[in-house]
Amino acid sequence: MENTKKRIFSGIQPSGNLTIGNYLGALRNWVQLQDDYECIYCVVNMHAITVRQDPAVLRRRSLETMAIFLACGISPEKSILFIQSHIPEHTMLNWVMCCNTYMGEAQRMTQFKDKSARHADNINTGLFTYPVLMASDILLYQADLVPVGADQKQHIELTRDLCTRFNNTYGETFVLPEPYIPKIGARIMSLQEPQKTMSKSDPNPNAFICILDEPDVIVRKLKRAVTDSEGVIAYDPDNRAGVSNLLSIYAACTGKSMDQSVKDFEGQGYGSLKNTVADVVVDTLSPIQAEYNRIISDKEYLSKVIEEGDRKASAIAQRTMRKVYHKVGLDSK
Ligand code: AQP
């Protein structure tokens, strides 16, 4: 029977240890999507080198990130799981798309502005063309849908513009992807600066909780989380960002509504909120950590999963690239 499921593409950078933001905002939804869509999930290690990385650490983290995908419940039987740099077509399409992207379009990307401010000593052209590589990742696999957080919407808009431009110039080649906003989306904020999104490359390790953090580390980081001096537990992300973030983490881990979550803490203080949030985070992460430890010690299994995923991804990528090279006149037929 022909596969009529819509195709989803998404990726995570191995640019640090994955956080509960990556889990609650992305990976948890990826697991749900596997039954209804044809899912392609990628460790986007080529994106990671837009910021300086230690080669040995990057190599290790790429494998660890794949092991986390598996430990969270992403199944190699249901989805295609692969590592970006293993498929050279990403770079091939990236170049073609760079030649179809205007400077002004790339200059408008807010993530470039943010990241160049954070890495002022290394504002490289890869950082500038990062969204074009991301567009190439998506278009290469002819994805119908891309699960995105609010911060990535601008990149999907660019992908759609590049797709439409290419199709209009060279004839129908790529599927026009749509952003997919998951039903339960959680944006987890930094524990130290709760106006900012929690990020795995934050220089302050107290700002994020890693998926693999030990229980005592989780308790300690949550105890240090920034709150306010109001002393009353209420959800008000604009004015009470710290407390609201703790409530969001609680709601996301327990699956409770925000109203119910606020009720659960009626009459309690911040100390008790932090302890309870630590308990639910530890409960959420413990089974993932156990599964991760099992998978990471079975290198043979991990290599097999990656090899198989690379093979399936490569078949799709090669098909698209043959078409693209023919359309732009880079083949010799
Ligand atoms: N704090 C977050 N809350 C909700 N979702 C999040 N995601 C990341 N952080 C949060 C989601 O995870 C996916 C992959 O993200 P990524 O690691 O490839 O890049 P990022 O979004 O730039 O995440 P970081 O942690 O901030 O990475 P660095 O610091 O390396 O740039 C995306 O779906 C994202 O929405």
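The values are calculated or read from the model by the stated rules, or taken from the named source; none is laboratory data. Every value quoted in this text rests on a predicted model; they were computed, and no experiment measured them. Methodologically, a virtual Cβ is constructed for each residue, glycine included, from the backbone with ideal geometry; neighbour enumeration extends over all protein chains shown.
Going by what's in this entry, would residue 75 be described as touching a residue at least 12 places away in the same chain (Cβ under 8 Å), under 18 Å from residue 8 (Cβ atoms) and out of contact with any Asp or Glu (no Cβ under 9 Å at 6 or more places or on another chain)? Taking the combined requirement at face value, the residue satisfies it.
For first residues located in region 99-114 and more than 15 Å from residue 125 (Cβ to Cβ), partners that are exposed (fewer than 12 other Cβ atoms within 10 Å of the Cβ) and lie 6+ apart or on another chain with Cβ distances below 8 Å form the pairs 100/169.
Within region 129-156, the set of residues being without any contact (Cβ under 8 Å) to a residue 60 or more places away in the chain and within 22 Å of residue 324 (Cβ to Cβ) comprises 129, 131, 132, 135, 136, 155, 156. Do we find a residue being within 14 Å of the ligand (Cβ to nearest atom) and under 19 Å from the mean Cα position of the chain (by Cα) anywhere in region 230-239? No; the residues of region 230-239 include none that is within 14 Å of the ligand (Cβ to nearest atom) and under 19 Å from the mean Cα position of the chain (by Cα). Could you say whether any residue in region 146-154 is in contact with a Gly (Cβ under 9 Å, 6 or more places away or on another chain), modelled with pLDDT under 90 and surrounded by 13 or more Cβ atoms within 10 Å (Cβ to Cβ)? Within region 146-154, one or more residues are in contact with a Gly (Cβ under 9 Å, 6 or more places away or on another chain), modelled with pLDDT under 90 and surrounded by 13 or more Cβ atoms within 10 Å (Cβ to Cβ). For residue 221, are the conditions met, namely being in a helix (DSSP H, G or I), in contact (Cβ under 8 Å) with a residue 12 or more places away in the chain and touching a Pro at 6+ places or on another chain (Cβ under 9 Å)? Considered against the rule, which asks whether it is in a helix (DSSP H, G or I), in contact (Cβ under 8 Å) with a residue 12 or more places away in the chain and touching a Pro at 6+ places or on another chain (Cβ under 9 Å), residue 221 comes out as yes. Restricting attention to region 127-144, report how many residues are out of contact with any helix residue (DSSP H, G or I) (no Cβ under 7 Å at 6 or more places or on another chain) and surrounded by fewer than 21 Cβ atoms within 10 Å (Cβ to Cβ). Residues flagged as out of contact with any helix residue (DSSP H, G or I) (no Cβ under 7 Å at 6 or more places or on another chain) and surrounded by fewer than 21 Cβ atoms within 10 Å (Cβ to Cβ) within region 127-144 amount to 1.
Counting only residues that are under 21 Å from residue 130 (Cα atoms) and among the β-branched types (Val, Ile, Thr), give me the strands (runs of 3 or more DSSP E) lying completely in region 1-107 with at least 2 of them.
In region 1-107, 7-12, 38-43 are the strands (runs of 3 or more DSSP E) which contain 2 or more residues that are under 21 Å from residue 130 (Cα atoms) and among the β-branched types (Val, Ile, Thr).
Is at least one residue of region 155-169 part of a loop (DSSP other than H, G, I, E, B), modelled with pLDDT of 95 or more and assigned by TED's automatic domain parsing to the domain that holds residue 70?
Looking for residues that are part of a loop (DSSP other than H, G, I, E, B), modelled with pLDDT of 95 or more and assigned by TED's automatic domain parsing to the domain that holds residue 70, one finds none in region 155-169, hence no.
Residue 267 meets the conditions (1) modelled with pLDDT of 95 or more; (2) at positive phi in every case but one. The failed one is (1).
For the condition crowded, with 22+ Cβ neighbours inside 10 Å, assigned by TED's automatic domain parsing to the domain that holds residue 125 and either free of Cβ contacts under 8 Å to residues at least 12 places away in the same chain or farther than 21 Å from residue 310 by Cβ (or both), what is the one hit in 29, 22?
The unique qualifying residue is 22.
Matching residues to (1) of a type in the set (Asp, Glu); (2) closer than 15 Å to residue 7 by Cα; (3) within 13 Å of the ligand (Cβ to nearest atom); (4) touching a strand residue (DSSP E or B) at 6+ places or on another chain (Cβ under 8 Å):
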residue: 109; (1), (2), (3), (4): no, no, yes, no
residue: 129; (1), (2), (3), (4): no, no, no, no
residue: 140; (1), (2), (3), (4): no, yes, no, no
residue: 144; (1), (2), (3), (4): yes, yes, no, yes
residue: 147; (1), (2), (3), (4): no, yes, yes, yes
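Taken over region 109-124, residues that are more than 19 Å from residue 52 (Cα to Cα) and surrounded by fewer than 14 Cβ atoms within 10 Å (Cβ to Cβ) amount to 1.
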